[in-house]
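Working notes, structure below.
Readers should treat all values here as calculations from the given coordinates under stated rules, not as data from a laboratory. No experiment lies behind these values; they were computed from the predicted model shown. When we count neighbours, we look across all protein chains shown, and the Cβ atoms used for this are built from the backbone with ideal geometry, even at glycine.
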Amino acid sequence: MRYYEHVFLMRQDLGPAQLEAVIDELKKVVEDKGGKVTKVEKWGLRPLAYKIGKNRKAHYVLFNLETPPEAVDELERIERISDDVIRFLTVRVDEPEEGPSVMMRENERGGRRRH
C-alpha cells in the first residue's frame with residue numbers, strides 16, 4: 001500500500017448535507033478498491049485565487065489515503081465526471097502526516113498571516 005494526500009475542491013453552493021454525501025461517496029470509492037481513508041479534514045469555504053466556472057469560493061477537503069494506485073485512479077476518474085468537484089490534486093507521500101495538517105493549524109492560530 002502507498003500513502004497519498006488528496007485535496008479536492010467542491011462547488012460553493014453545496015449545503016452541509018450535500019458535502020457529507022459527496023465525501024462519503026468518494027470514501028466508498030477508495031474502500032471498494034481495497035484502500036482506506038485514514039484522515040478527512042474539511043478546511044471550509046475558502047476564496048479561490050481565480051474564478052473557476054462561476055465559482056469564486058470552494059469547499060476544500062483533504063483525504064489522507066493508504067491505498068493501491070488503482071484506487072487513486074478510480075477516485076480521480078469519478079471526480080473528473082462529477083459536477084460537484086471542481087478541482088483535485090493527489091500527491092504521493094512517504095508517510096502520512098500525524099495530527100492536524102498545516103491548514104488546520106493555521107485556522108486554529110487565527111487565520112492567515114498578512115505580509
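Under 5 Å between amide hydrogens, which residues at least 5 positions from ARG2 or on another chain qualify, with H placed 1.01 Å from N in the peptide plane?
The answer is THR67.
If neighbour count is taken as other Cβ atoms inside 10 Å, put MET103, MET1, MET10 in order from fewest to most.
Listing MET103, MET1, MET10 from fewest to most nearby Cβ atoms yields MET1, MET103, MET10.
Please state the relative contact order of the chain as a whole percent: Cα pairs under 8 Å, 6+ residues apart?
Relative contact order for the chain comes out at 41 percent.
Enumerate lysine pairs in the chain that are 8 or more residues apart or on different chains, then count those whose Cα atoms are under 25 Å apart.
Value for the chain: 12.
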